[in-house]
1. Write out the chymotrypsin sites (Phe, Trp or Tyr not before Pro) in region 1-38 meeting two conditions: DSSP loop, and at most 15 other Cβ atoms within 10 Å of their Cβ.
2. Across the chain, where is the longest run that never hits trypsin sites (Lys or Arg not before Pro) in a DSSP loop with at most 14 other C-beta atoms within 10 Å?
3. So which residue, out of Asn80, Asn19, Asn158, gets the largest mean-square fluctuation from a GNM of the chain using Cα contacts under 10 Å as springs?
4. Taking each full run of DSSP H in the chain as one helix, which ones are at least 27 Å long along their axis (Cα atoms) and have mean Kyte-Doolittle hydropathy of at least -1.0?
5. Run the quick spin-label model on His39 and Glu58: label points 7 Å from Cα toward the beta carbon, then report their separation in nm to one decimal.
6. With a 10 Å cut-off between alpha carbons and a GNM built on the chain, which of Ala25, Ala154, Ala90 moves the most?
7. With viscosity set to 1.567 mPa s at 4 °C, what whole-number translational diffusion coefficient in µm²/s follows for the chain from Stokes-Einstein and a Kirkwood radius over Cα pairs?
8. Hey, what did the chain get for relative contact order, percent, Cα under 8 Å, at least 6 apart?
Amino acid sequence: MKTILVPTDFSEVAENAVNYAVEIATLMKAKLILFHAYHVPVVATEFPIVIPSTVDLEKDCMEGLQGIAKKLHSKHINLNVECIVKCGLAVDEINQYVENQKTELIVMGMQGGGFLTEKLIGSVTTSMIQKSKCPVLVISKDVKFKSIKKIVLACDYNETENTKVLEPMKEFARL
């Protein structure tokens, strides 16, 4: 495994997923990509408001990612970290990036908003699990990294044409 993508929304849950991914990247000597997708909010109001430009939004997001990377470098000197910011819907931008780059694993945080919230609003992590062609490792908000002792594969019993989908799991097993 050479590249691990960690999408973040700068929340505590995402920070926990970043920390988990750092441990995996360190063990596997993989590059860690911090990824953030933003979109310009659509506002319908009869009063004039100021919406920040996409340049300002992108700059602020990149500064946030670089701040995380700087913190990681202070603890893990040899860690290779790259920061990517894209404008668009998170699921679409993550999937497009994974398709265009050689990404073997996505590590994402998930808080669990409950059944109703999940069905009405959805979650980026849930959508990634359903739509990604790359394995997605979901880290709960309270999980801390420990050496992996058990691996569980959840599947729908449908055959897959892509046999490489199990490669990350094989690498985890080798660790």
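1. In loop regions of region 1-38 (DSSP not H, G, I, E or B), the sparsely surrounded chymotrypsin sites (Phe, Trp or Tyr not before Pro) are Phe10.
2. Looking at the chain, 30-101 is the longest stretch - no exposed trypsin sites (Lys or Arg not before Pro) with at most 14 other Cβ atoms within 10 Å.
3. Asn158
4. TM-like helix candidates: 54-75.
5. 1.8
6. Ala154
7. In µm²/s, the coefficient is 74.
8. Numbers: 234 pairs, mean separation 51.3, N = 175.
RCO, the chain: 29 percent.
The values are calculated or read from the model by the stated rules, or taken from the named source; none is laboratory data. These figures come from a predicted structure and were not determined experimentally. Ideal geometry is used to build each Cβ from the backbone, glycine not excepted, and the neighbour counts take in all protein chains shown. With ligands, DNA and RNA removed, areas are computed over all heavy atoms of the protein, side chains included. Shrake-Rupley method; radii C 1.70, N 1.55, O 1.52, S 1.80 Å.
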